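Written below as structure tokens is the structure these notes are about.
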Amino acid sequence: MNSYYAINLLIYAGVDIIACLALNLQFGVAGIVNFSFIVFQAVGAYTAAVLSMPPDTAPDYSFQIYVGGLQLPFPIPWIGGAIAGGLLAVPVGFVVLRKLRSDYQAIALLVLSVIANTVITNARPFLNGAAGLALVPAPLADLFDPATYGYFYVGLTAVCTALVALVAFRIVNSPYGRTLRAMREHEVAATAIGKNPVALKMTIFIVGGVIAGLSGGILTGYITFWAPSVWLYPETIILFAAVIVGGRGNNLGAVLGALLVPVGFEEVTRFIPSSIGPPGLIPALQWVAIGLLIIGFLWFRPEGVRPEPRRVFEGAPD
Amino acid sequence: MSLFVAAFGFGLVSMSVIAIAAVGFTMQFGITNMINLAYGEVMISSAYVAYYLNKAGISIWIGMVVGALFGAAFSFLLNRIVYAPFQRKGTSYLGMVIVSLAISLMMANLLLPIVGYYSVSYQEGTGGLIRLGAIILTTNQILIIGIAVVVMLLIHGLLKYTRLGKAMRATSANPTLARNCGIPTQRVVDAVWLITGALCGLAGVVAALNSDSFAIANGAAFLITILAAAVLGGAGQPYGAMIGAVLIGLITELSAAAWSPEYKEVVAFGVLVLVMVLRPQGLLAKRGAMAAAG
């Protein structure tokens, strides 16, 4: 195993863990089925890209057209990506989370995910359409020897993952997290004791959006590329599979799910020769396996590998 | 101006296709409480069934009947094997949405290696052109409109004038009460899946016939248009879905003429968002998106 492979694996693992923690806050803890999660990651990625890239009139970049191109120094594009994810959550949450029943919320978000991809693909002048943005500058690349840069990026990803994990664990164990769980279990009862479900959902939707945006920024800084084909709606389903397999509502479960599903799947199928069957058979079967995984877990073990701990008041009768 | 009149003609065809599909979708939801996100994939599968029959030299009109039968059988089995067991287990509405989305993903990817990535089209003459002023339609398109009108009348007759239709409406309004009154709700639900599955299969073949070519990827686009029509009319309401189909069909075709055909689904989505903000219960529904589940 060479170090490039290990670096690649670690960075993807970090990004997937961050994404799964955010989705777990929304879906696992608060019960919001955010089928457009990947859109928030994409917004963060695009924002980080156009903030760090030079204007599209620059010599090496003139083959693509995009807005922005501000060439800002390192932490700003990532912060901008995170902010963009949070900002997008405001109007989306405003439309979806206020009045709609929860299953309508899910389908509205799913449709949003498909449509956002269609719009970005067709509206080329905005973010270079289907071809996407290439040559996104890697953060602080000029400070490092290319040979050691990978290690630096792993460190950077690890710091971000640790920060997000800290935030996620604090939220789950805080009174706010408790209120979210109460709302998820019984929205009417939570409302009756004076909790505002719309405000609760909006805040966790925005927090999730910020984290998703950050994960997009990290990913695009590493792969130096971002296009509509990498954020199609089924990508969100992989993350759902991860959270369901790991254990809804349990942060450790989300981390475990991220390592088992997106990372594990990609690594296991790497060893299947792609020459078997008609072209595209293996990736297609990979998606079928993701679907089976979701249905299998929802049937046999809906609580996941690491179930959410039951929090019981000590004085309560049994 | 004549451009918009011509677009109105296409709108008539579009609304016919959407109406067949959306009425089936909304009846599934209204009576069995199942938002079946695999609906678009069942449509496209049926379109492929008809495609292979057509390729073997069988007329597309026979293929249409077989496609409808396939849709009925497939939807019935899908409910019996997957959805109904999950519902009996007490899976929440949200859980069911996730299950159906997983089914949709699996269907699309099981089909992909079988039928391939490329767009295909039926080997069927479009028939002669028929002119009504500035509206120019092919004979096939006129037939599609005719089929839709007949299907809508049949659905209306079924719901209003038959015992089965009455039982369906009762089951939709209150399943427990319906069962207590001696209505065999299990058999009613089976019948609903067969009928709506047939509508779904028919709609798939009709939609494929109406477009120049089709591919797996069209399943998602179908689904969005259907969702928009069903939600606009008030989910679970067959007559609402018909009105929704008329509006969505017209709006998407007129916007395609005025703006760009690439954004048809985007316009449908815009309508969906407006409805969700302004009137989440839909145009007709008494209990709609706002009411608590159950």
Note: among A:95, A:90, A:159, A:67, just one is β-branched (Val, Ile, Thr) and surrounded by 16 or more Cβ atoms within 10 Å (Cβ to Cβ), namely A:95
Note on the stretch B:92-101: residues more than 7 Å from chain A (Cβ to nearest Cβ) and crowded, with 18+ Cβ neighbours inside 10 Å are B:96, B:100
Going by the structure shown, is residue A:9 closer than 17 Å to residue A:260 by Cα, in contact (Cβ under 8 Å) with a residue 12 or more places away in the chain and surrounded by fewer than 24 Cβ atoms within 10 Å (Cβ to Cβ)?
yes
Limited to the stretch B:256-265, what total is found for residues that are facing another protein chain (nearest Cβ under 9 Å), in a helix (DSSP H, G or I) and over 16 Å from residue B:244 (Cα atoms)?
2
Here are some conditions: (1) within 14 Å of another protein chain (Cβ to nearest Cβ); (2) in contact with a helix residue (DSSP H, G or I) (Cβ under 7 Å, 6 or more places away or on another chain); (3) small (Gly, Ala, Ser); (4) farther than 22 Å from residue A:281 by Cα. Residue B:104 meets all but one. Which one does it not meet?
(4)
When (1) more than 14 Å from chain B (Cβ to nearest Cβ); (2) farther than 30 Å from residue A:138 by Cα; (3) acidic (Asp, Glu) are applied to residue A:187, the one that fails is (1)
Considering only the stretch A:118-150, how many residues are among the aromatic types (Phe, Trp, Tyr) and either more than 14 Å from every other protein chain (Cβ to nearest Cβ) or crowded, with 17+ Cβ neighbours inside 10 Å (or both)?
2
Just need a number here: residues in the stretch B:188-244 that are of a type in the set (A, V, I, L, M, F, W, C) and in contact with a strand residue (DSSP E or B) (Cβ under 9 Å, 6 or more places away or on another chain).
4
Of those in the stretch B:107-126 that are within 10 Å of chain A (Cβ to nearest Cβ) and part of a helix (DSSP H, G or I), the residue nearest to residue A:284 (Cα to Cα) is B:109
Total residues in the stretch A:23-44, condition farther than 15 Å from residue A:84 by Cα and in a helix (DSSP H, G or I)
7
Let me spell it out: the conditions are (1) under 30 Å from residue B:8 (Cα atoms); (2) within 14 Å of chain A (Cβ to nearest Cβ); (3) β-branched (Val, Ile, Thr), and residue B:136 meets all of them except one. Which number is the exception?
(2)
Among the residues of the stretch A:281-300, is there at least one that is more than 13 Å from chain B (Cβ to nearest Cβ), closer than 29 Å to residue B:217 by Cα and either among the charged types (D, E, K, R) or buried (at least 16 other Cβ atoms within 10 Å of the Cβ) (or both)?
no
Out of (1) facing chain B (nearest Cβ under 9 Å); (2) farther than 30 Å from residue A:157 by Cβ, the one residue A:114 does not meet is (2)
Does the stretch B:74-90 hold any residues that are within 14 Å of another protein chain (Cβ to nearest Cβ) and not aromatic (Phe, Trp, Tyr), and which are they?
B:78, B:81, B:82, B:84, B:85, B:87, B:88, B:89, B:90
All but one of (1) in a helix (DSSP H, G or I); (2) within 22 Å of residue B:34 (Cα to Cα) hold for residue B:183, so report the exception by its number.
(1)
Subset of the stretch B:140-185 (residues that are closer than 12 Å to residue B:238 by Cβ and among the charged types (D, E, K, R)):
B:160, B:169
What do you reckon, is residue A:248 crowded, with 17+ Cβ neighbours inside 10 Å, in contact with a helix residue (DSSP H, G or I) (Cβ under 9 Å, 6 or more places away or on another chain), within 14 Å of another protein chain (Cβ to nearest Cβ) and in a loop (DSSP other than H, G, I, E, B)?
yes
Looking only at the stretch B:137-180, count every residue that is of a type in the set (Ser, Thr, Tyr), part of a helix (DSSP H, G or I) and surrounded by fewer than 20 Cβ atoms within 10 Å (Cβ to Cβ) and tell me the total.
3
With (1) within 11 Å of chain A (Cβ to nearest Cβ); (2) part of a loop (DSSP other than H, G, I, E, B) as the list, and residue B:284 as the residue in question, which single condition is left unmet?
(1)
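Every read-out reported here was derived from the displayed coordinates using simple, explicitly stated rules and does not represent laboratory data. None of these values were measured; they are calculated from a predicted model. Neighbour counts are summed over all protein chains in view; Cβ atoms, including those assigned to glycine, are modelled from backbone coordinates with ideal geometry.
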